[in-house]
Ligand code: DOR
Ligand code: ZN
Ligand code: ZN
């Protein structure tokens, strides 16, 4: 059995030191003291033991772009970050727009994933925004649909997709940046028209990576009116703004870093519940791709290993939010919205666990990432709450030297 020794768990928002015994994929016992006996013991002193994160927005690049990332390297990096389940976006080759195409991705997941991976189905054929994907057939195999990387700009097609997804009891996660608009308008225009359609069709709708004041205003109002709408925000939009770009392609992503005001609005939206969750948009790109001139370089930054420490350092350590808030944003709310089981830190709970070093600051070093790619604007950041040990379905999938016996 696995014994996590000397860590703290959050009880009513205060941390209490507890030993945790894990057996057969579940938490068997939580007590102030559990003897080491013959167990596999991990030193968790100085840590907060919490639920593994569920990242509902990631790009794992396999099949099709294995020079950027693979299921194996991506899930290793996620595990290092304390993430125990990821949802993989469908901008792949072949694109999972049919059951036959999805089979390639499912096979790779089955073979190599070290944590749970849930693929998105595409909304349109090849994510081209023209004909619909095999939504009905895919619905049984995926948790949600998305054309991420692209906006479904043809409103007729989108409405058709929404009706179909609604019929199947599914959900759409949208990359909302309308074609033909620039700056924050591209996002807010898409969010507005898609909100209207979601209300009209009754389709469960999730907005990916929202980042502008106007978008949050739209979502706030729609939620008040009872629409079945949720949205996610990203650590980079919470903790960086356009001043941080400085021509560095490692700070280039879509949607881009915004003004200081939009950044503040993003944080407010999270704190007031307009934004439901935090996801990473982990989007690896190879060094030679990111070495291109700024305008030509691809959008995207890696994010698995910085999610927990950025949120902990930026929001919990500063006192802006509580342990419970963080757990809700990275685990509970994604779990509820997308129907993904999570590791509750209770006796009998599934052992999907992250162990965050909250006593010591770690300097994030992109050279040490387990991702295949190194495109991050957070290199050299000094952060609290770095994950040091991950248990996924009862197995240790990442250990930063915590094993004692
Ligand atoms: O920054 C981004 N990178 N935004 C997207 O929507 C796509 C993603 C990617 O696939 O690289
Ligand atoms: Zn996107
Ligand atoms: Zn994305």
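Here are some notes:
- Rounded to the nearest 10 degrees, the inclination of helix 213-224 to the longest alpha-carbon principal axis of the chain is 80 degrees.
- Each part reduced to its alpha carbon centroid, the range 284-347 and the range 102-147 end up 22 Å apart.
- On Cα atoms only, tilt of 99-112 relative to the major axis of the chain in degrees: 20 degrees
- Structure remark: mean-square fluctuation, Gaussian network model of the chain, C-alpha springs under 10 Å; the largest value among 385, 339, 202 belongs to 339.
- Within the listed set 41, 233, 332, the Gaussian network model of the chain (springs between alpha-carbon atoms below 10 Å) gives the highest mean-square fluctuation for 41.
- Calculated P(r) of the range 131-243 - Cα pairs past 24 Å, %: 22 percent
- Inter-label distance, residue 382 to residue 67: 3.8 nm, where each label sits 7 Å from its Cα along the C-beta direction.
- Volume per residue that the Cα convex hull of the range 108-180 spans, once the total is divided by residue count, Å³: 95 Å³
- Listed residues 284, 119, 298, most fluctuating in the chain (Gaussian network, C-alpha, under 10 Å): 298
- Using the alpha carbons alone, the radius of gyration of the range 218-303 stands to its Kirkwood radius in an Rg to Rh ratio of 1.05.
- Solvent-free Debye calculation, one equal scatterer per alpha-carbon of the range 337-376: log10 I(q)/I(0) at 0.24, 0.31 Å⁻¹ equals -0.87, -1.02.
- Figure legend: label point modelled 7 angstrom from the Cα of residue 217 along Cα→Cβ; residues of the range 256-270 with amide N under 17 Å from it are 259-270.
- Working from Cα pairs under 8 Å separated by at least six residues, relative contact order for the chain is 21 percent.
- As a proxy for reagent exposure, ranking 40, 134 by other Cβ atoms within 10 Å from fewest up yields 40, 134.
- Principal-axis analysis of the Cα atoms of the chain puts helix 183-201 at an angle of about 90° to the longest axis.
- Here 245, 99, 391 are placed in order of increasing Cβ neighbour count within 10 Å, fewest first, which gives 99, 245, 391.
- Contact order normalised by residue count of the range 296-385, Cα under 8 Å, 6+ apart, percent: 36 percent
- Alpha-carbon radius of gyration plus Dmax, which is the widest Cα pair, for the range 1-75 in Å: 17.0, 49
- Average Cα contact separation per residue, the range 338-394, under 8 Å, 6 or more apart, as relative contact order %: 43 percent
- Percentage, to the nearest whole number, of Cα pairs in the chain over 32 Å apart: 31 percent
Read the figures in this text as sums done on the coordinates, not as results from a lab. Note that this is a predicted model, so its numbers are computed, not measured. We place every Cβ from the backbone using ideal geometry, glycine too, and count neighbours over all the protein chains shown.
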